[in-house]
C-alpha cells in the first residue's frame with residue numbers, strides 16, 4: 001500500500017467560496033434539496049441550523065470530554081434518523097468524523113498546526129503532539145464508524161446521493 005504524497009500547501013490557501021457547494025445563509029432544514037453529501041467533512045462548519053445544533057457539543061480536549069461529546073452527537077444522529085432528517089444525520093456523522101480528524105491532528109502535531117505559515121507552508125514535524133488527543137480521537141472514531149455502519153443511515157445516504165448528489 002503506497003502512502004499518499006503530502007500536499008505542498010494547505011488546501012485552504014486556494015479555497016474558492018464561489019465553487020464551494022455549501023453556502024452560508026441557507027437554512028438547510030427549510031431547503032434540504034440544496035444539501036450535498038460531499039466528501040468527508042465538507043460543509044460541516046457552514047450548514048445551519050445543524051452547525052449550531054450539533055457544534056455546541058463538539059469537544060475533544062480529553063478522552064473523557066471526547067467520549068461525552070461523541071455520545072451526545074451520536075444521540076443527535078439517531079434522533080435525526082428517527083425524524084427522517086437525512087441532512088441532520090449526515091451533519092452529525094460529519095461532526096463525529098471531524099472529532100476524530102481534528103483530535104488526530106493535535107495528536108500528530110504540536111498545537112494542531114500541520115503547516116508552517118512562516119516558512120512557505122512547509123509540513124511541520126509529525127509526532128510532536130499530545131497522546132491525550134490520540135485517546136480523544138479513538139473515542140470519536142468508534143462513534144463515527146458506528147454512524148457510518150447504521151443501516152438506516154446508509155440507505156438514506158445512498159438514496160440522497162442518487163437523487164440530489
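When 90, 79, 85 are screened for being buried (at least 22 other Cβ atoms within 10 Å of the Cβ), at pLDDT 95 or above and within 16 Å of residue 154 (Cα to Cα), only 90 passes. One residue stands out among those in the range 106-122 that are buried (at least 18 other Cβ atoms within 10 Å of the Cβ) and part of a helix (DSSP H, G or I): the one that is modelled with the lowest pLDDT, which is 108.
For the range 24-44, a residue qualifies if it is assigned to a loop (DSSP other than H, G, I, E, B) and exposed (fewer than 14 other Cβ atoms within 10 Å of the Cβ), and the qualifying residues are 24, 25, 30, 31, 39, 40. Taking residues in the range 142-165 that are on the phi < 0 side of the Ramachandran plot and exposed (fewer than 13 other Cβ atoms within 10 Å of the Cβ), and partners anywhere that are at pLDDT below 95 and not in a helix (DSSP H, G or I), the pairs with Cβ atoms closer than 9 Å and at least 6 places apart or on different chains are 161/36; 161/37. Among the candidates 62, 101, the residue that is surrounded by fewer than 22 Cβ atoms within 10 Å (Cβ to Cβ), touching a residue at least 60 places away in the same chain (Cβ under 8 Å), touching a helix residue (DSSP H, G or I) at 6+ places or on another chain (Cβ under 9 Å) and within 28 Å of residue 162 (Cβ to Cβ) is uniquely 101.
Kindly indicate which of 103, 64 is under 21 Å from residue 130 (Cα atoms) and within 12 Å of the chain's Cα centre (by Cα). It would help to see each step written out before you state the result.
Working: 64 fails: within 12 Å of the chain's Cα centre (by Cα).
After ruling out the rest, the residue left standing is 103.
Among the conditions (1) part of a loop (DSSP other than H, G, I, E, B); (2) surrounded by fewer than 17 Cβ atoms within 10 Å (Cβ to Cβ); (3) at pLDDT 95 or above, the only one that residue 21 does not satisfy is (3). When residue 13 is tested against (1) loosely packed, with under 12 Cβ neighbours inside 10 Å; (2) part of a helix (DSSP H, G or I); (3) modelled with pLDDT of 95 or more, exactly one condition is not met: (3).
The values are calculated or read from the model by the stated rules, or taken from the named source; none is laboratory data. Every value quoted in this text rests on a predicted model; they were computed, and no experiment measured them. Using ideal geometry, Cβ is built from the backbone for each residue, glycine included, and neighbour counts are taken over all protein chains shown.
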